[in-house]
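Notes to accompany the following structure.
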Amino acid sequence: MSRRFVVIGIGADGWDGLGSRARDELSAATVVLGSTRQLDLLPRLAADIHPWRSPMSAHLRDVLDDPSDDTVHIVASGDPMFHGIGTTVARAVGIERVQVIPAVSSASLACARLGWDLSGVSIVSTVTHDVDSVVDALSDGRDLLVLSRDQNPPVQLAHLLTANGFGRSSMTVLEQLGGDRERTVRGVARTWREPAGDPLNIVAVSCVGSRRSRMPGRPDDDYLHDGQITKQPIRALTVSALVPGHRQLLWDIGSGSGSVAIEWLRVEPTARVVAFERDATRSEVIVENARRHGVHDRLTVLGAVPDACSDAPDPDTVFVGGGLDTTVLDVAWDALVPGGRLVANAVTVENQTIVADRYARHGGSLRRFSVETAGPLGSMTTWRPSLPIVQWVVDKP
């Protein structure tokens with residue numbers, strides 16, 4: 001026998017907003033867990049009531065690992081499968097041991113109040129991520145819903161929008177959605193000064209600013225770098241060759257400025273990156289660039305290959321941009337999961353010889369890219385070539 005779990009969503013309207021199925025479950029429960037705020041919404045029950053201890057993650061792990069064969073009821077906000085604890089529980093113990101009874105999500109309630117089509121809205125959580133992660137979603141004309149962890153995100157978000165050229169974006173803070181204390185506050189990012197009046201809030205943003213794309217090939221000037229950066233045209237080709245995929249992990253070896261890793265993450269919001277960089281100053285630059293682009297929470301920076309590889313999970317994809325040599329390629333190839341892809345860019349003749357040898361050994365494709373950019377020559381204009389790049393792309397059998 002194994003412990004079973006019933007996860008019940010509850011809104012700001014509390015017990016009155018629950019359906020009969022949820023009420024029956026809670027009335028018959030023997031153990032109920034939840035945050036103090038959620039538990040306070042319930043009437044007196046016969047069950048043992050336990051608020052989450054801090055840190056909640058450790059308390060939840062203890063509950064999930066308990067070998068008892070009883071049933072535990074967990075109360076969660078709104079829809080537990082929408083950025084909620086229901087997903088965590090189901091992944092940990094298997095959905096066959098979990099019953100989920102959702103309430104209406106905060107996103108659905110917000111869109112109902114605003115008249116927005118939920119299917120066309122981008123949703124960002126600052127409950128589990130920093131406010132900086134919102135940067136990745138900004139683009140002119142886009143509607144965002146930002147989930148807040150407390151009263152502070154509205155002010156933090158207003159500063160972030162203004163600093164990134166989106167100060168004219170409208171902001172709407174919706175508090176206690178669905179409850180008798182529901183309140184709506186509207187304003188503009190560049191003049192917003194006040195935190196939310198209630199920790200239970202969601203912020204709606206209608207973006208006004210520059211048009212941004214998730215496609216690879218952002219301008220080089222968008223990154224801090226010391227010259228060690230994969231230039232814009234080659235970066236676009238490289239990220240396309242890497243084929244970012246759902247929940248894929250990339251090893252970015254010799255990451256430099258982190259530009260390839262960052263654009264991989266921007267293309268696929270579920271992806272992750274481990275960047276390897278031997279230079280401590282460049283490692284700091286990678287983190288700062290990732291923060292500027294709102295993807296820092298999905299990027300980890302480690303030291304040089306091969307020493308740091310033991311601290312990283314096996315990659316689905318590998319990019320070798322800096323520090324390319326036979327040892328690095330051997331380590332990367334051995335670590336790569338079967339069916340995974342390796343992309344290596346070589347600039348020097350010596351490194352191009354190495355990738356040509358590996359191409360002869362493992363197959364794949366070998367291409368040489370040369371990019372020329374128009375530039376001034378006195379009063380005239382001429383073509384200025386960049387260093388040619390040899391790119392090897394191969395899938396591991």
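The values are calculated or read from the model by the stated rules, or taken from the named source; none is laboratory data. Keep in mind the model is a prediction, meaning the values are calculated, not measured. A quick note on method: Cβ atoms are made from the backbone with ideal geometry, for glycine too, and the neighbour counts reach across all protein chains shown.
Yes/no matrix, rows are residues, columns are (1) small (Gly, Ala, Ser); (2) at pLDDT 95 or above; (3) buried (at least 18 other Cβ atoms within 10 Å of the Cβ):
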position: 5; (1), (2), (3): no, yes, yes
position: 24; (1), (2), (3): no, yes, no
position: 30; (1), (2), (3): no, yes, no
position: 39; (1), (2), (3): no, yes, no
position: 70; (1), (2), (3): no, no, no
position: 90; (1), (2), (3): yes, yes, yes
position: 99; (1), (2), (3): no, yes, no
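Would you mind finding the one in 168, 193 that is modelled with pLDDT of 95 or more, more than 23 Å from the chain's Cα centre (by Cα) and part of a loop (DSSP other than H, G, I, E, B)? I'd like the intermediate steps shown before the answer.
Working: 193 fails: modelled with pLDDT of 95 or more.
Going through 168, 193 in turn, the sole match is 168.
Of the conditions (1) more than 18 Å from residue 310 (Cα to Cα); (2) buried (at least 22 other Cβ atoms within 10 Å of the Cβ); (3) touching a strand residue (DSSP E or B) at 6+ places or on another chain (Cβ under 9 Å), residue 263 satisfies every one except a single condition; which number is it?
For residue 263, the failing item is (3).
Can you tell me which residues in region 136-169 are under 20 Å from residue 119 (Cα atoms), in contact with a Lys or Arg (Cβ under 7 Å, 6 or more places away or on another chain) and not acidic (Asp, Glu)?
Residues satisfying the conditions are 138, 139.
Scanning for something at pLDDT 95 or above, among the small types (Gly, Ala, Ser) and in contact with a strand residue (DSSP E or B) (Cβ under 6 Å, 6 or more places away or on another chain), does region 149-162 turn up at least one residue?
Looking for residues that are at pLDDT 95 or above, among the small types (Gly, Ala, Ser) and in contact with a strand residue (DSSP E or B) (Cβ under 6 Å, 6 or more places away or on another chain), one finds none in region 149-162, hence no.
Name the residues in region 65-94 that are free of Cβ contacts under 8 Å to residues at least 40 places away in the same chain and acidic (Asp, Glu), would you?
Across region 65-94, the qualifying residue is only 65.
Look through region 126-147, keep the residues that are at pLDDT below 95 and assigned to a loop (DSSP other than H, G, I, E, B), and return whichever of them is farthest from residue 291 (Cα to Cα).
In this case the residue turns out to be 127.
Just checking: which of the strands (runs of 3 or more DSSP E) contained wholly in region 1-81 hold 2 or more residues that are in the same structural domain as residue 100 (by TED's automatic domain parsing) and hydroxyl-bearing (Ser, Thr, Tyr)?
The qualifying strands (runs of 3 or more DSSP E) are 71-77.
Kindly establish whether residue 92 is touching a Leu at 6+ places or on another chain (Cβ under 6 Å), in a helix (DSSP H, G or I) and not charged (D, E, K, R). Step through it out loud before you land on a result.
Working: touching a Leu at 6+ places or on another chain (Cβ under 6 Å): yes; in a helix (DSSP H, G or I): yes; not charged (D, E, K, R): yes.
It is true that residue 92 is touching a Leu at 6+ places or on another chain (Cβ under 6 Å), in a helix (DSSP H, G or I) and not charged (D, E, K, R).
Output the number of residues of region 116-136 satisfying the condition of being closer than 16 Å to residue 206 by Cα, touching a residue at least 60 places away in the same chain (Cβ under 8 Å) and charged (D, E, K, R).
1
Checking the condition assigned to a helix (DSSP H, G or I) and either under 19 Å from the mean Cα position of the chain (by Cα) or surrounded by fewer than 20 Cβ atoms within 10 Å (Cβ to Cβ) (or both), which residue from 239, 185 passes?
On the way: 185 fails: assigned to a helix (DSSP H, G or I).
The conditions single out 239.
For region 260-269, give me each residue that is out of contact with any Pro (no Cβ under 9 Å at 6 or more places or on another chain) and either of a type in the set (A, V, I, L, M) or at pLDDT 95 or above (or both). Quick ask: steps written out before the conclusion?
First, the residues of region 260-269 that are out of contact with any Pro (no Cβ under 9 Å at 6 or more places or on another chain): 261-262, 269.
If the condition is that a residue be out of contact with any Pro (no Cβ under 9 Å at 6 or more places or on another chain) and either of a type in the set (A, V, I, L, M) or at pLDDT 95 or above (or both), then 261, 262 are the ones that fit.
When residue 106 is evaluated against the numbered criteria (1) crowded, with 19+ Cβ neighbours inside 10 Å; (2) of a type outside the set (D, E, K, R); (3) more than 29 Å from residue 143 (Cβ to Cβ), which criterion, by number, is the only one it fails?
Among (1) crowded, with 19+ Cβ neighbours inside 10 Å; (2) of a type outside the set (D, E, K, R); (3) more than 29 Å from residue 143 (Cβ to Cβ), residue 106 violates only (3).
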